[in-house]
Every structure is written in structure tokens, then in C-alpha cells.
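No value in this document is a laboratory result; all are computed from the given coordinates. Remember, predicted model here, so these are calculated numbers, not experimental data. For neighbour counting, all protein chains shown are included, and Cβ atoms are generated from backbone atoms with ideal geometry for every residue, glycine included.
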Amino acid sequence: MMRAIAQGIANRGIMPWSRRAAALLPALLFAAPAMAQEEATVSAGDTAWMLTSTALVLMMTIPGLALFYAGMVRKKNVLATMMQSFFLAALVSVVWMVAGYSLAFGEGGAYVGDLSRMFLAGLGNGWDAPFTLGSGDGAVAFTIPESVFVMFQMTFAIITPALATGAMADRLKFSSLCVFTVLWSLLIYSPICHWVWHPNGWIFGMGALDFAGGTVVHINAGVAGLVGALVLGKRTGLGHENMAPFNLALAVIGAGLLWVGWFGFNAGSAGAAGGRAGMAMLVTQLAAGAATLAWAAAEWMTKGKPSVLGAISGAVAGLVAITPAAGFVMPGSALVIGIVAGLAGFWGATALKHWCGYDDSLDAFGVHGICGIVGALLTGILAYGPLSATPASPEGIAGSFGQFMLQLYAVLATFIFTAIGTFIILKVIDVVMGLRVSEESEREGLDVSLHGERLG
């Protein structure tokens, strides 16, 4: 099917453009300045910025996402919800070291890496030298050690499945979540990461743009969450019992930590401390602000009052949407992306969910899936060429119909692969060990039934 789609695009004259774009991507997706081979020294400034960015992104999961999600569930599920984010940070760290990094960033082929880097084999070779991703003409040269790159990418691998848990909150067995996370990280996340961010990856080679994770993280997590919500079914008592958030103050603190941490997420994806990182940080702030205002305005007009939950959800919607575009757009475009994301996220978390009838508990798909799609597509329209310009290509990549079609192709490929793969993994786990807690456990609360603890 993919070959047929690719052939159709080629027949419309888009693929020749994508081949030209793909030749530029080593310098476009990762903005670290290429170093001459004789200058085999690490940049202290770039390394310091990437270490800082790594810590910021990890903070997004613990405690940011843990607090954000915990504040939106009922009191009886607060500890269990926080445990999910905290425990996944530990679990995925080990999975990434054992095989995830190798499958994502090993040489491999167009669709997945290989197992040559299992347990981070080879990391000791040139451990204090600049790191080069890939080999040959398409190789991407960084000015940081590979250990920093491994750790930075690990934080992305951690937060992605943690985001998906929001759609399945209040009813997923903890043991099943652990098994699901291991399998999903290796079989879904790592291959898509390879497609998009490794020079050998087929989406990378096609020329689609994803600066910091619109497809790899947000569409991926959102679709996984949606499938999980559909497979698990609705929460017991939904529509009849009070499902109001226990403590929105926790959610506001979590959202604030996510907002600040997102600077590491987006500006850190520049791979270096430079002008492009600075622009990525600026547009991230503007998109978050615009989306907050747009969501609040939509809520004000339709419900009569702007809510705290709506404001923090709007901020996250803008942060999600600017993620794939952060290194490719200017401030004016960031405002457009933020406004569209705020409105789209509001629609996804309210009207869409109601019309389709699924129970996306904490709007993982409504915010991350929908706004990830919005951001990825708008990148293809609003990309500003000079931001991605190189000496070899002074025009860079600008928004165009051709680029939009490439973005659409990448979005559809990610959506389809994640949906099918996630469904298969969940159904296998359901057959082998079950996915959902019993109705009695769900009514008692997951804090007590799964972890034997409760808030005072």
C-alpha cells in the first residue's frame, strides 16, 4: 500500500521535490553545525545546553506530567496516576538502554534500526568525541558526545507512552501497562523514531519535516491513547457519576512544569546552542500563549466562562502543535499555529469526543493527537526557508503544496502504523493477562486496589 501511495505522489511531481529536500535534511532537522573532521572536539557550550535541555524534558514527565494528569483524576486514583508516569520513567530508561536506542538509531534500513547497539554497545568508543548519526553522505554531525544524544532521546522515549496513559486513566491494570510499555516502546515508538529522525529512515529520506516530535511523540502517543481507550471501553459510571478533577491546583502546577520543560523539548532539538534554538524557544512561547487565549475564548463564548482546566489544556495544545514546526517557522506563523491549535484542541476534547462516543479520560488524543496533526500539517504550509538554509542550499525549505503533501503522508503513515500496531499489542495482552481492572477495583479506586495506598 505504501509503495502505491508513493508512486501516486511521484506521478504528481512531488517526490522529485522530496528527493531534493531529503538531500538537505541532515542539516535541516538537526541544526548542530557540522564540524570539520580535523576538529574532533566537543563544543562545551552546545553540550551544556543539551544537558540542560535533557533535564528539562525529563522534568516534563516527572513531575510535570505526573502532576498534570493526577490533578485531573478523582481522588481515589491520584497515586496510581502519578505512579504511571514515575514508573514509566524508570522502565523506559532501561528498555531504551537495552534495545530501544539501537532499534531507533542503529543503522538498520529504512524502517527500523538494528540490534548492533544493544546495551549501548560501542558507546565507549570515542565517548568524549563529537557524535555523528548515520554514515556516508547522509550522516548528521553533532558537536556533542553520543552519551548526551542517547540521554536526550531517552527522555522523548519516556514521555511518549506516558502521554498515552492519559486516555486510559482510571481503568488500566498496572501490570498490563508495564508489559504494554515495553512492547510498544520497542515495536512502535522505536521504528517510528527511526523513520523520522535517522538519516536512513524512509520519512526522513522522503523530506517530511518534524523538528521535535509532532509525529514521533504526539501523534504517536495520541493515537495509541485513542486505541487504548477504545479497546478498554468507558470508565464505570461515566455519565452517571461525578468525574470532576480532584485537584486542579496540581494540574496547573503540572502544566506549568510542562510549559517550562517544553523549551528543552523544542529548543533542545536544535542539537546546539545557537540562533535556531533561540527561535525555537521564542515560537514555542508564542504558540503556547496564543493557544491558551484561543481555547479560553472558545470556552468563554460557548460555555459562558473560561475555566482553569481549559486554560492549561490550551497551553498544552499550543505546545504540542508548535513542536514539529519549532525550528522551521517565524513568530507570526507561531501565532497562527497556536490559535488553530487552541480551537482544534477545544473541539477535539469536547465535540469530537462526544460525537464519536469514546472515553479519552484526560484527552490524550483530543489534545496530543489532534494538535500534533495540526502542527505537522501547518509546518508544511508555514515553513520559512531561511531558517533551514545552509551554504549548500541558501533557500532552505519553505512552505508549499508539495511540502504539505509530504507532511500529510507522514501523518497518515504514523496514524495507520500506530493504530494497527497498538491494537494488536493490546489485544494480545488482553488475551494473555487482561487489560482492565475489575469493576470492584475500579469503584474502590486504583490507589488501593493496585498499590495498597491512599491519600489521607
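For this structure, a couple of remarks:
- Count of Lys pairs (Cα-Cα under 19 Å; at least 8 positions apart or interchain) in the range 36-451: 9
- Degrees, to the nearest 10: 220-232 long Cα axis against longest axis of the chain: 30 degrees
- One chain, two ends: Ala121 and Met330. Fully extended at 0.36 nm per residue, the span grows by 71.2 nm beyond their Cα-Cα distance.
- Compared with the alpha-carbon gap, the fully stretched path from Arg443 to Trp355 is longer by 29.0 nm at 0.36 nm per residue.
- Relative to the longest principal axis of the Cα atoms of the chain, helix 174-184 runs at roughly 20 degrees.
- Treating r as the C-beta distance of Ile424 and Lys303 and R0 as 41 Å, the FRET efficiency rounds to 0.55.
- Counted residue by residue at 0.36 nm each, then reduced by the alpha carbon distance between them, the extension gain from Ala398 to Ala48 reaches 122.9 nm.
- Dipole in debye (nearest 20) - the chain, about Cα centre, beta carbon charges: Lys, Arg +1; Asp, Glu -1: 920 debye
- Where the Cα pairs of the range 184-331 fall when distances are cut into 5 Å bins, in %: 2, 9, 14, 16, 18, 17, 12, 7, 4, 1, 0
- Its relative contact order, with pairs defined as Cα atoms under 8 Å and 6+ residues apart, puts the chain at 22 percent.
- Separation of the range 275-299 from the range 129-157 is 28 Å, based on Cα centroids.
- The range 85-170 gives an Rg/Rh value of 1.03, both radii derived from C-alpha positions and Rh following Kirkwood.
- Under the simplified labelling scheme, the Asp128-Trp347 pair shows an inter-label distance of 5.6 nm, with each label point 7 Å from Cα along Cα→Cβ.
- Per residue, the chain reaches -18500 deg cm²/dmol at 222 nm when only DSSP H runs of four or more residues are counted, each adding -39500 (n - 2.57).
- Value of relative contact order over the range 86-214, rounded to a whole percent, pairs C-alpha under 8 Å and six or more apart: 34 percent
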